[in-house]
């Protein structure tokens, strides 16, 4: 996963100015909140999170079908 450094926000800044984090997510699609200079939280638009979950479910389905076909 490539991380754009413009999307990094400290937990202190996120706590004090969450509207800035929300704007950042609106503009770029995601924000990463750092805790002790380590990526800790990922904020995504809800619609993007749903798409990611659907993609993961599809991967599981494809793997399941492949395993069933091998037996």
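How many residues are more than 12 Å from the chain's Cα centre (by Cα), free of Cβ contacts under 8 Å to residues at least 12 places away in the same chain and either in a helix (DSSP H, G or I) or closer than 18 Å to residue 49 by Cβ (or both) if we restrict to region 1-21? It would help to see each step written out before you state the result.
Step one: filter region 1-21 for residues more than 12 Å from the chain's Cα centre (by Cα), giving 4-6, 8-21.
Retained after the next criterion (residues that are free of Cβ contacts under 8 Å to residues at least 12 places away in the same chain): 5, 12-13, 15-20.
Restricting the remaining residues to those that are either in a helix (DSSP H, G or I) or closer than 18 Å to residue 49 by Cβ (or both) gives 5, 12-13, 15-16, 18-20.
Final tally of qualifying residues: 8.
Within region 24-50, restricting attention to residues that are in contact with a strand residue (DSSP E or B) (Cβ under 9 Å, 6 or more places away or on another chain) and in a helix (DSSP H, G or I), which residue is farthest from residue 11 (Cα to Cα)? Full working, then the answer.
Pass one, region 24-50, residues in contact with a strand residue (DSSP E or B) (Cβ under 9 Å, 6 or more places away or on another chain): 24-25, 29-35, 37, 39-45, 48.
Among the residues that remain, those that are also in a helix (DSSP H, G or I) are: 24-25, 48.
Working: 24: 14, 25: 15, 48: 22 Å.
Applying the filter and picking the extreme gives 48.
A short reminder: the numbers here are calculations on the coordinates, not readings from a lab. Owing to the predicted nature of the structure, the values given are computational and were not obtained by experimental measurement. Glycine gets a Cβ as well: all are built from the backbone with ideal geometry, and neighbour counts include every protein chain shown.
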